[in-house]
Amino acid sequence: MLRIHYADYEALRAHGEETYPNECCGVLLGKNIAGEDDGVTVNHVQQIVRAGNTRTDSAHNRYQIAPQELVKIQRQARGLGLDIVGFYHSHPDHPAQWSKTDFAEAHWLGCSYLITSVEQGKAVLTNSFLLSGSGEDDKNFEDQAIQIDIAANVAEAAAPNQKGQA
């Protein structure tokens, strides 16, 4: 499962809208928490970091994060006591499903790969895929549930007034 705060979820979707018709990309920082009761491992996102898409040949349907930028983000994560738990990118005018290229370029086993479909400039659907396996020879993408945490103050503002009700 991927667990992410509502504000971060909305921010990465907005990033896709801002870069449309090109793909956006970024990194998910947080902690990998082993499931205790149900055995499901959770990639708990605590911060997102926007990255520049360095693809100049086909930025409308490919993305790449410069190695130097990725090292910088990894150091930033370490300084915060966090890990890289995933990556995100957008698919302009294409489904929120991984492509053969996404799979071929995915190498961080145990990480979540979020893909947001941006249709005509509007973020529509976001899906997550967990890269599992023991190495390049047996890696695979598994559909991954997304849990969006809504801050208490946002939830209270959205709920009807419950005063005086038993």
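Only the coordinates and a few stated rules stand behind these numbers; no lab work does. On a predicted model such as this, the values are computed, not experimentally measured, just so you know. Neighbour counts are summed over all protein chains in view; Cβ atoms, including those assigned to glycine, are modelled from backbone coordinates with ideal geometry.
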(Q) Between 0 and 90 degrees, rounded to the nearest ten: what's the tilt of helix 67-79 against the longest Cα principal axis of the chain? (A) 30
Q.
How long are the semi-axes of the equivalent ellipsoid of the range 53-138, defined as square roots of 5 times the Cα gyration tensor eigenvalues? Whole Å, largest first.
A. 22, 16, 14
Q. In the chain, what % of DSSP beta bridges are antiparallel (nearest 5)?
A. 70
Q | Around TYR113: net Lys/Arg minus Asp/Glu count, Cβ-Cβ under 14 Å | A | -3
Q. Of GLY86, GLY30, GLY52, which has the largest mean-square fluctuation in a 10 Å C-alpha GNM of the chain?
A. GLY52
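D for the chain, whole µm²/s, Stokes-Einstein with Kirkwood Rh over alpha-carbon pairs at 10 °C and 1.306 mPa s: what number? Please list the in-between numbers first.
On the way: Rh = 16.7 Å.
The estimated diffusion coefficient comes to 95 µm²/s.
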Q: Tell me which residues come under 5 Å, amide H to amide H, from HIS91 once H is placed; ignore anything under 5 positions away on its chain.
A: THR116, SER117, VAL118
